[in-house]
Amino acid sequence: MARVEVVLLIAGLVAVAMGCLGLLAARDTLLRLHYLGPASSLGTPLIIAALVIHEGLGRSAVKLVLIGVLLIGSGAVTVAAFGRATAQREGFIETDSPA
């Protein structure tokens, strides 16, 4: 493994691990959601970048990038949706009208 791969992989794993530790230590739902952001938006691209460098440019790299884009996009949307639902449930914002 090249040094760049190892550095990217370790940085990605540290970001995910720190997000998980923050998730376990947080007391309320909104703080837990706050700690999911770096794990999905920082850890995932770093790990994907390390895997792309390891695999080289080819079909597998394209697949890895597509998977990374899906994970990053779905993670952000999921965190936003859960945050909004939690804020509505706890009365921080008004609930939407059904129409």
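The table that follows gives values for the structure above.
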read-out: Test: residue in the stretch 45-56 that is in contact with a Pro (Cβ under 9 Å, 6 or more places away or on another chain) and surrounded by 13 or more Cβ atoms within 10 Å (Cβ to Cβ); value: no
read-out: Wholly enclosed helices (runs of 4 or more DSSP H) of the stretch 1-96 bearing at least 1 residues out of contact with any strand residue (DSSP E or B) (no Cβ under 9 Å at 6 or more places or on another chain) and at pLDDT 85 or above; value: 3-25, 44-55, 59-89
read-out: Hey, LEU64 out of contact with any helix residue (DSSP H, G or I) (no Cβ under 6 Å at 6 or more places or on another chain) and either surrounded by 15 or more Cβ atoms within 10 Å (Cβ to Cβ) or farther than 27 Å from LEU8 by Cβ (or both) or not; value: no
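The values are calculated or read from the model by the stated rules, or taken from the named source; none is laboratory data. Predicted model only: the values in this text are computed from it and were never measured. Cβ sites come from the backbone with ideal geometry, for glycine too, and all protein chains shown count toward neighbours.
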